[in-house]
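Here, each number is a calculation from the coordinates, and none is a lab measurement. Predicted model only: the values in this text are computed from it and were never measured. Quick reminder, even Gly has a Cβ in these numbers, built from the backbone with ideal geometry, and neighbours come from all protein chains shown.
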Amino acid sequence: MQIQFLGAAGEVTGSRHSVEALIQGRTIRFIVDYGMFQGGREASSKNLEPLPFAPQEIDFIVLTHAHIDHSGLLPRLCAQGFTGPIYCTDASLELLKILLPDSAHLQRADVERAQRRQKAGKWRGDLPVALYSMEEAQLALDQCEVLPYGKVLHLCDGIDLEFHNAGHILGSAIAVLDITEDHAQKKRCVFSGDIGMKGKLLMPDPTFIPQADVVVVESTYGDRLHKSLENTEAELIEVVRNTLNARGNIVIPAFAVGRTQEILFLLIDLVKRGLLPHLSIWVDSPMATAATHLTQRFFEQLDKESQATFRWYQKNPGAVDLRFIADVEESKALNKIRGGAIIISASGMCDAGRIVHHLQNNLPRSQNAIIITGFQAYGSLGRRLVDKAAKVRLFGEDVPVKASIHTIGGLSAHADQAGLLDWLRGFRSPPKVVFVVHGEPEASVVLAQTIRDELEWNNVLVPERLRTYSC
Ligand SMILES: [Zn+2]
């Protein structure tokens with residue numbers, strides 16, 4: 001069997017792992033995840049790079065979860081001639097229905113903006129290219145086939161697939177593939193996808209897999225430990241209480257899928273436990289609203305504590321005044337609220353979307369608070385706020401930063417080093433080989449060495465991108 005790492009090797013995005021197996025004299029080829037490269041100067045050229053084989057040669061795709069860095073190039077692959085099935089969980093498919101068309105829409109908007117700037121003589125260099133259209137996003141959605149957690153699907157002679165909950169986001173899965181090649185023993189290959197943090201809100205803990213021959217494990221935080229949830233809660237309680245007492249507003253920029261729902265559940269849970277007073281919360285992002293409704297729909301896939309919190313809220317709807325903003329006019333009406341509101345809006349790094357209006361309106365007043373809960377990339381507006389800029393430029397205007405800016409960690413969707421090791425300890429005997437992927441080089445190398453030192457597994461590799469490994 002051969003594995004070639006087409007992405008997420010030496011970096012966190014572009015997850016694509018190609019597997020080739022010889023079964024009944026025929027080469028079966030499948031790919032686990034087909035994600036977009038994001039950020040960094042080389043991302044756009046890598047997204048346009050042709051595959052080392054024809055898309056028609058791929059028998060099927062296995063998708064661990066819906067995040068764009070794992071799913072975002074599927075429409076392009078289907079447009080290029082891949083016609084096979086894409087196996088994913090039910091919740092992943094529902095999230096893809098939100099995320100893939102949105103990705104197509106954002107790409108088109110980027111191209112149109114660049115064209116306008118070029119016409120005005122303000123654009124130098126090549127124009128961006130849309131990787132796929134709305135119609136092509138639909139092609140990929142039509143090729144998805146749903147497989148529930150814990151059910152074995154016989155994909156073809158010699159290959160079975162089973163998904164287990166990875167506890168990362170709604171629908172996230174660890175993919176377990178049993179592969180029996182000609183003249184060989186059955187091999188179990190486990191692809192971690194992205195592994196969630198044990199004990200985190202909303203999602204259950206990642207499932208332990210007792211046995212594997214080949215493991216491909218993520219390492220986003222392979223060299224770091226997260227703050228505890230208790231610390232995160234204490235910080236959040238303090239900021240919310242102080243701001244509400246000072247009659248200010250709280251603005252929380254948050255990624256629409258995952259983070260928004262986590263913050264909502266955390267706030268409701270703190271009210272339930274009597275640690276926060278009655279709250280008025282507005283969720284102002286159409287995508288966040290859709291993702292929150294999906295979370296409610298897949299209620300039975302959440303962890304037990306969050307199910308209890310949700311049931312409590314259904315019985316006590318007056319405890320938290322929760323409103324979802326539908327149109328732009330309603331969104332603008334929020335500008336009139338001078339105090340007492342919690343506004344959760346996207347984008348998570350404050351670069352686009354309705355959050356920019358809320359920042360423009362709330363940054364100039366010192367009684368307001370901005371709570372940053374996610375990673376802020378260098379160059380983003382969110383990063384400038386975290387770095388204590390005295391003023392920021394929004395819609396062509398200088399806006400003074402008088403509101404207090406708070407960074408609250410501990411809400412990561414990824415396991416930290418201890419969490420990854422804990423999950424790996426679930427294998428009762430050392431796998432024949434472990435590939436450490438999906439991390440910056442330092443994070444992957446540190447995790448690989450820690451696995452060798454602490455678990456005493458010998459064969460742990462950090463694969464190179466585009467290189468093929470026999471196993
Ligand atoms: Zn992910």
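Rounded to the nearest 20, the Cβ-based charge dipole of the chain about its Cα centre (Lys and Arg +1, Asp and Glu -1) stands at 1780 debye. Across the chain, the longest piece that holds none of the GluC sites (Glu not before Pro) lying in DSSP loops with up to 14 other C-beta atoms within 10 Å covers 43-455.
Of the residues P317, I343, V328, the one whose Cα sits farthest towards the positive end of the charge dipole of the stretch 304-346 is P317 (charges of +1 on Lys and Arg Cβ, -1 on Asp and Glu Cβ, taken about the Cα centre). Taking all Cα pairs closer than 8 Å and separated by 6 or more residues, the relative contact order of the stretch 46-97 comes to 45 percent.
Each Lys or Arg adds one and each Asp or Glu takes one away; over the other residues whose Cβ falls under 9 Å from the Cβ of P206, this sums to -1.
May I ask you to work out the translational diffusion coefficient for the stretch 39-139 at 37 °C, viscosity 0.692 mPa s, via Stokes-Einstein with Rh from the Kirkwood sum over Cα pairs, reported in whole µm²/s? For the chosen part, D equals 220 µm²/s.
Each part gets one Cα centre, and for the stretch 286-353 versus the stretch 1-78 those centres are 34 Å apart.
Work out which chymotrypsin sites (Phe, Trp or Tyr not before Pro) in the chain are exposed loop sites (DSSP not H, G, I, E or B, at most 10 other Cβ within 10 Å) and give the longest gap free of them. Segment 1-377 is the longest. If you average the C-alpha positions of the stretch 169-227 and of the stretch 390-420 separately, how far apart do those two centres end up, in angstrom? After rounding, the separation between the Cα centres reads 30 Å. For the stretch 192-197, backbone phi angles converted through the Karplus equation (6.51, -1.76, 1.60; θ = phi - 60°) give residue-by-residue couplings of 5, x, 9, 9, x, 7 Hz, Gly and Pro being listed as x. If only the Cβ of Lys and Arg carry +1 and only the Cβ of Asp and Glu carry -1, the dipole of the stretch 91-157 around its Cα centre is close to 680 debye.
For the stretch 359-413, the average shadow cast by the Cα convex hull is 4.0 nm², which is a quarter of the hull's surface. In the chain, Cα pairs under 8 Å separated by at least six residues give a relative contact order of 19 percent. Shown here is the pair-distance distribution of the stretch 327-435: with all Cα-Cα distances grouped in 10 Å bins from zero up to the longest one, the shares run 12, 38, 23, 12, 10, 6, 0 percent. With no solvent and one point per C-alpha, what does the Debye sum give as log10 I(q)/I(0) for the stretch 91-231 at q = 0.09, 0.19 Å⁻¹? Rounded to two decimals, the profile gives -0.47, -1.13.
What length, rounded to one decimal in nm, is gained on full extension from F53 through to A120, with 0.36 nm per residue of separation minus their alpha-carbon distance? Value of the extension gain: 20.0 nm. For F324, the shell of other residues with beta-carbons less than 12 Å away shows a net charge of -3, using +1 for Lys and Arg and -1 for Asp and Glu. Charge tally around G14: other residues with Cβ under 11 Å, Lys/Arg +1 each, Asp/Glu -1 each, net -2.
Of the trypsin sites (Lys or Arg not before Pro) found in the stretch 359-398, those that fall in a DSSP loop while having at most 13 other beta-carbon atoms within 10 Å are K388.
Helices in the chain that qualify as membrane-span-like (whole DSSP H runs, Cα extent of at least 30 Å along the helix axis, mean Kyte-Doolittle hydropathy of -1.0 or higher) are 90-119.
Taking 23 Å as the limit for the C-alpha separation, the pairs K200/K402; K186/K432; K332/K388 exceed it in the case of K200/K402; K332/K388. The overall shape of the stretch 249-333 is oblate: from the C-alpha gyration tensor, with semi-axes ordered a ≥ b ≥ c, the ratio a/c is 1.5 or greater and a/b is no larger than b/c. Simple point charges give the picture: +1 on the Cβ of Lys and Arg, -1 on the Cβ of Asp and Glu, and for the stretch 209-296 a dipole about the Cα centre of about 400 debye.
For the chain, the Kirkwood estimate of the hydrodynamic radius, built from every pair of different alpha carbons, is 23.4 Å. Considering every alpha-carbon pair of the stretch 156-309, the percent of pairs per 5 Å bin, from zero through the bin containing the longest distance, is 2, 8, 14, 17, 16, 14, 10, 7, 5, 4, 2, 1, 1, 0, 0.
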